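The values are calculated or read from the model by the stated rules, or taken from the named source; none is laboratory data. Note that the coordinates shown come from a computational prediction; the quantities given were computed from them, not determined experimentally. All Cβ positions, even for glycine, are placed from backbone atoms using ideal geometry, and neighbour counts span all protein chains on display.
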């Protein structure tokens with residue numbers, strides 16, 4: 001796209017407030033408000049789950065009830081009434097749609113507004129497969145056939161529970177145990193849907209897999225659960241993008257994502273998170289409390305997390321890698337942008353267990369308005385991680401003098417041959433750079449967007465093409481109102 | 001109250017009033033930090049619970065604690081504390097420009113304001129104070145004579161709680177060293193330092209307590225406009241040592257350097273914790289931290305730089321590096337930036353690793369034996385921090401300890 005056209009587009013979007021702020025009116029099939037064992041039984045029954053899954057959920061619920069909400073993050077979280085929310089909402093359909101034609105046209109239009117025209121996806125000749133999640137139920141999945149030919153399983157997790165119970169029993173909860181933390185336990189009890197991906201031995205997934213998560217129904221928390229398994233010598237790139245309609249009440253989102261990479265396997269997981277951040281007075285917005293973790297089980301396996309976090313009122317998210325395999329590799333590339341009254345406490349954990357394991361952490365935090373942005377990360381070297389290597393770079397950029405940028409890295413090294421390097425800087429947009437742009441006729445807002453995008457370039461280049469374009473625009477939109 | 005280190009027997013001080021009573025109440029309410037306390041996540045005190053200690057009393061003031069063999073700087077004035085009790089005659093013949101006396105109630109109030117707030121050591125040691133000293137450098141005085149606060153002790157069953165208020169008045173200059181070489185159960189000194197406008201303090205702390213001593217220090221420093229602190233902490237001794245210093249840059253243009261070295265071997269646990277608060281603009285802070293760990297030692301560095309919203313034009317720098325010499329050693333670091341102002345330059349860095357093989361090879365290929373080469377590289381590694389000390393007397397006081405530690409290094413030679 002020509003640069004000028006893109007700039008015009010960005011400007012148009014920037015003037016339109018929250019671009020994705022609309023509510024689709026579709027009658028919902030809701031569970032009653034509140035959280036108890038009956039609700040969990042209801043969800044399990046709705047999903048037509050086997051008995052063992054229900055038991056798993058109930059056990060998780062029992063664990064959750066004994067836990068306390070974590071308070072160590074640099075976040076000011078208003079008390080959440082877990083009994084005052086709906087835990088299940090599905091778009092009303094008698095049977096699952098057999099084809100795109102059967103999908104509610106209202107839904108399809110919603111996706112079009114979001115920029116994922118499913119009806120056009122097939123014409124676009126197999127670039128991306130979308131397992132679109134609308135509220136809590138997967139309603140349309142494309143390119144299943146092409147994937148099936150390669151032996152790749154890509155389906156809603158509820159379907160996987162029915163169709164591939166052995167895989168689910170083996171892997172679900174093996175990376176993020178039920179009792180790992182408050183929100184993972186909650187998710188295990190009430191998760192409604194999510195994606196399941198299985199890449200067999202030696203297969204390079206023929207396309208990038210993509211899921212759009214979207215919160216639609218008022219007052220329904222979304223509890224997605226995603227599980228990706230990459231067998232020996234396989235490769236998969238997975239994209240996750242999020243937008244949500246504008247609303248005033250806070251919404252809770254507590255997803256769990258588990259990745260398993262076997263010997264020589266590689267998983268690339270990219271996220272653009274653009275949920276409603278609340279208005280300029282800090283009213284409303286999504287609470288995004290996510291547990292994402294990948295296990296590099298096999299030798300030379302690799303897991304790479306890339307995230308662009310611009311949305312949500314509160315973000316609590318630490319995509320992590322457990323580097324068990326010899327010479328396994330973990331990567332974390334992150335841009336976290338906060339504006340107005342947004343709060344973000346995000347980072348990663350790299351647990352080095354295997355010999356020669358390596359990890360790279362590049363984090364770019366941008367704070368504007370009255371927001372608080374915190375990087376929190378752990379690099380742990382276990383005694384057996386001979387010659388392990390970590391490099392961490394955390395840069396923070398402050399836009400305005402009413403926001404905060406914080407960096408809290410934890411380093412624990414128990415092996416002398418391991419090399420760990422951490423560096424962090426905090427600064428603001430340089431006057432020189434700004435002057436240079438203004439002097440060439442670029443408006444201040446565009447100049448800031450340009451400079452911030454430059455600041456994030458190291459992370460942006462890790463994103464797949466489709467995402468990179470959207471992410472750049474997002475950064476411009478999210479910074480709206482932060483200067484001048 | 002059980003007679004354990006976690007709850008020292010405070011019956012003798014139970015009749016306190018005023019500032020000390022308030023501190024006691026705070027201590028009794030909170031006690032030692034538990035496993036959940038984020039500020040103490042790398043340094044757990046639970047294992048020390050079995051120790052049975054009580055605060056030292058006046059009977060233990062007169063001892064023969066040996067002065068260290070290391071030479072004191074020429075003309076230095078030594079103020080001695082033995083088993084936490086001030087040795088009275090050491091306040092005689094103070095250098096001109098310095099006044100020294102026992103603390104009064106007002107001083108205690110000032111100490112609580114300066115020392116780390118809501119801190120177990122501050123509260124416990126103010127409540128159970130064994131001796132309190134108020135040292136003042138009078139306005140405008142330039143005192144170049146080093147004053148050495150020497151802490152000795154020989155009773156393993158006591159806890160010592162010396163409390164010192166050090167004020168460097170407007171435009172004054174002073175050189176103060178804190179030297180801990182005690183063999184007691186718990187050494188818990190509180191240092192409250194106030195450096196007024198345009199004043200300068202050259203300060204060094206040497207923690208060289210015995211291998212059975214637990215050293216938990218709370219140091220609070222407040223800096224006025226254009227005040228200068230050239231500070232350094234060295235932690236070598238003790239079984240468990242935590243040197244915690246909080247600095248408040250309370251006025252513009254203050255300049256704080258607070259570097260540190262920790263050297264650990266056997267089962268030692270060293271913790272250097274700093275909390276640098278930039279409350280006003282145009283201040284700078286710089287911290288260079290170096291640690292070397294051998295045996296099964298564990299080293300911890302936690303350093304927080306807090307920049308308040310009004311503290312524009314802040315320059316906050318911090319660099320921590322740890323060297324692991326043994327397979328069983330562990331290094332933990334938690335550098336932290338908390339920034340609320342936008343026009344600042346703040347950076348921190350942290351590394352952990354072993355000696356660089358290419359550097360070793362470079363030296364050995366030139367005919368230097370591996371042992372000597374290692375010693376040279378460790379010395380150079382530590383020099384980055386030691387070279388930060390500007391005052392020649394303090395530098396001379398400190399260096400021999402670093403050298404001595406290296407000479408005692410298993411497997412090293414007298415390089």
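Summary of values
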item: Some residue of region B:271-281 being within 15 Å of residue B:236 (Cβ to Cβ) and at pLDDT 95 or above; result: yes
item: Yes/no for residue A:361 being crowded, with 24+ Cβ neighbours inside 10 Å, assigned to a strand (DSSP E or B) and within 10 Å of chain B (Cβ to nearest Cβ); result: no
item: Test: residue in region A:406-424 that is free of Cβ contacts under 8 Å to residues at least 60 places away in the same chain and over 30 Å from residue A:384 (Cβ atoms); result: no
item: Residues of region B:210-223 that turn out to be surrounded by fewer than 24 Cβ atoms within 10 Å (Cβ to Cβ) and under 12 Å from the mean Cα position of the chain (by Cα), as a count; result: 0
item: Odd one out for residue B:283 among (1) away from chain A (no Cβ under 14 Å); (2) surrounded by fewer than 20 Cβ atoms within 10 Å (Cβ to Cβ); (3) over 20 Å from the mean Cα position of the chain (by Cα); result: (2)
item: Failed condition for residue B:333, given (1) more than 9 Å from every other protein chain (Cβ to nearest Cβ); (2) crowded, with 22+ Cβ neighbours inside 10 Å; result: (1)
item: Breaking point among (1) modelled with pLDDT under 90; (2) crowded, with 17+ Cβ neighbours inside 10 Å, for residue A:430; result: (2)
item: Residue match in region A:33-40 (condition: part of a helix (DSSP H, G or I) and buried (at least 17 other Cβ atoms within 10 Å of the Cβ)); result: yes
item: Complete set of residues in region B:358-392 that are part of a helix (DSSP H, G or I), surrounded by 20 or more Cβ atoms within 10 Å (Cβ to Cβ) and under 18 Å from the mean Cα position of the chain (by Cα); result: B:382, B:385
item: Residue match in region B:368-383 (condition: within 18 Å of residue B:231 (Cα to Cα), in contact with a strand residue (DSSP E or B) (Cβ under 6 Å, 6 or more places away or on another chain) and away from chain A (no Cβ under 14 Å)); result: yes
item: Matching option when the condition is out of contact with any strand residue (DSSP E or B) (no Cβ under 8 Å at 6 or more places or on another chain) and closer than 18 Å to residue B:193 by Cβ, among B:115, B:88, B:134, B:139; result: B:139
item: Residue within region B:237-245 that is under 24 Å from residue A:416 (Cβ atoms), modelled with pLDDT under 95, surrounded by fewer than 23 Cβ atoms within 10 Å (Cβ to Cβ) and away from chain A (no Cβ under 12 Å) present; result: yes
item: Single condition residue B:302 does not satisfy, out of (1) within 30 Å of residue A:370 (Cβ to Cβ); (2) part of a loop (DSSP other than H, G, I, E, B); result: (2)
item: Residue within region B:141-151 that is buried (at least 21 other Cβ atoms within 10 Å of the Cβ), touching a residue at least 60 places away in the same chain (Cβ under 8 Å) and part of a loop (DSSP other than H, G, I, E, B) present; result: yes
item: Of all residues in region A:420-448 being within 14 Å of chain B (Cβ to nearest Cβ) and assigned to a helix (DSSP H, G or I), the one that is farthest from residue A:374 (Cα to Cα); result: A:432
item: Unique residue being in the same structural domain as residue B:45 (by TED's automatic domain parsing), out of contact with any strand residue (DSSP E or B) (no Cβ under 6 Å at 6 or more places or on another chain), on the phi < 0 side of the Ramachandran plot and in contact (Cβ under 8 Å) with a residue 12 or more places away in the chain when the list is B:212, B:219; result: B:212
item: Identity of the residue in region A:393-414, within 7 Å of another protein chain (Cβ to nearest Cβ), assigned to a loop (DSSP other than H, G, I, E, B) and in contact with a strand residue (DSSP E or B) (Cβ under 8 Å, 6 or more places away or on another chain), that ends up nearest to residue A:369 (Cα to Cα); result: A:400
item: Residue that is surrounded by the fewest Cβ atoms within 10 Å (Cβ to Cβ), among those in region B:345-357 that are without any contact (Cβ under 8 Å) to a residue 40 or more places away in the chain and within 7 Å of chain A (Cβ to nearest Cβ); result: B:345
item: Condition check for residue B:201: at negative phi and at pLDDT 95 or above; result: yes
item: Candidates A:304, A:270, A:312 - the one that is surrounded by fewer than 24 Cβ atoms within 10 Å (Cβ to Cβ) and farther than 14 Å from residue A:199 by Cβ; result: A:304
item: Entirely in region A:154-205, the helices (runs of 4 or more DSSP H) that have 3 or more residues that are over 20 Å from residue A:230 (Cβ atoms) and either in contact with a helix residue (DSSP H, G or I) (Cβ under 8 Å, 6 or more places away or on another chain) or free of Cβ contacts under 8 Å to residues at least 24 places away in the same chain (or both); result: A:182-190
item: Filter pass, residue B:123 being in a helix (DSSP H, G or I), touching a helix residue (DSSP H, G or I) at 6+ places or on another chain (Cβ under 6 Å) and assigned by TED's automatic domain parsing to the domain that holds residue B:54; result: yes
item: Count - residues of region B:25-39 that are surrounded by 14 or more Cβ atoms within 10 Å (Cβ to Cβ) and assigned to a helix (DSSP H, G or I); result: 5
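Results for (1) closer than 19 Å to residue A:420 by Cβ; (2) surrounded by fewer than 24 Cβ atoms within 10 Å (Cβ to Cβ); (3) out of contact with any strand residue (DSSP E or B) (no Cβ under 9 Å at 6 or more places or on another chain), shown as yes or no for each residue.
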residue	(1), (2), (3)
B:296	no, yes, no
B:301	yes, no, no
B:305	no, no, no
B:309	no, yes, no
B:324	yes, no, no
B:337	yes, no, no
